[in-house]
Amino acid sequence: MSESPRIFLVSDATGETVEKVTGAALVQFPSVRPRVKSFSKVRTTAEVRSIVERAKEENAFISYTLADVELRNTMQEVTDAMGVASADVIGALMVRLSGHLGSPPLMKAGVSTTLNEEYFRRVEAVEFAVKNDDGQEPRNLFKADLILVGVSRTSKTPLSTYLAHKGWKVANVPLVPDVPTPKELLEVDQAKVFCLIIDPQTLVRIRQERLKHLGMPPDSAYGLRENVMRELRWVEEFFASHPHWPVIN
């Protein structure tokens, strides 16, 4: 089996911009699952050279945002010299904007990351989503803005993470036949609860991929169509017993 392609994200600030831009581009390659490593707050040319050397060794692609002119020039020179594939995700844009606007950019690292109330609210929401993923802390359901419920592999975690980046504190709770749901789920404000459902064919495919990723046999009960159908019938009945919970496919 060939190794997953590697991508290095390099920034002289927090790395939020290069992560979002590169992530948006990677969405267009759904069949590829690269290993991504971030290098934030890179402030010296020595650090840049070290990262490029490592990228050369690991055959990694470098995606970078370096506001500092010296660092950006070093990155361009060293990657060219060592034959490392790279992309400056906003440098070209700044140059073109500068020409059009008739004004030079500040060239100051991290100028776009304002540590205001909104920023800290999003950070807190992301931390909340991580700590309350997969029903880890039922007692925290009372602190959540939204609660997602559904059987395994209905995208509860990805959706929780996405909403957290929008500033919502989201917890998610897995629903499993014959396993009691946490009592807190029925004690919280029921308007916070949203149910996730998915068509059987898609769920079987997703679970089979999960089994493959874990190195488990494809005929494991978790991914068998008849078991998936049984779970979905059960969860539909469970949702029907709570008609005030919206159900989203």
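Residues Arg225, Arg230: which one is open to solvent by 90 Å² or more (accessible area, probe 1.4 Å), in contact with a helix residue (DSSP H, G or I) (Cβ under 6 Å, 6 or more places away or on another chain), among the charged types (D, E, K, R) and in contact (Cβ under 8 Å) with a residue 12 or more places away in the chain?
Sole residue among the options that is open to solvent by 90 Å² or more (accessible area, probe 1.4 Å), in contact with a helix residue (DSSP H, G or I) (Cβ under 6 Å, 6 or more places away or on another chain), among the charged types (D, E, K, R) and in contact (Cβ under 8 Å) with a residue 12 or more places away in the chain: Arg225.
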Go through the stretch 133-153 and give me each residue that's within 24 Å of Arg230 (Cβ to Cβ) and open to solvent by 10 Å² or more (accessible area, probe 1.4 Å).
Asp134, Gly135, Ser152, Arg153
Residues to consider are Arg49, Arg72, Arg96, Arg54; find the one that is farther than 25 Å from Val126 by Cα, surrounded by 15 or more Cβ atoms within 10 Å (Cβ to Cβ) and without any contact (Cβ under 8 Å) to a residue 24 or more places away in the chain.
Arg72
Going through (1) over 17 Å from Leu159 (Cβ atoms); (2) open to solvent by less than 30 Å² (accessible area, probe 1.4 Å); (3) out of contact with any helix residue (DSSP H, G or I) (no Cβ under 6 Å at 6 or more places or on another chain) one by one, Arg207 fails only at (3)
Any chance you could count how many residues in the stretch 160-187 are within 19 Å of Phe239 (Cα to Cα) and buried (at least 17 other Cβ atoms within 10 Å of the Cβ)?
7
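The values are calculated or read from the model by the stated rules, or taken from the named source; none is laboratory data. Computed from a predicted model, the values in this text were never measured in an experiment. In this analysis, Cβ positions are derived from the backbone assuming ideal geometry, glycine residues included, and neighbour counts consider all displayed protein chains. Quick note on the areas: whole protein, heavy atoms, side chains included, nothing else; ligands and nucleic acids left out. Shrake-Rupley method; radii C 1.70, N 1.55, O 1.52, S 1.80 Å.
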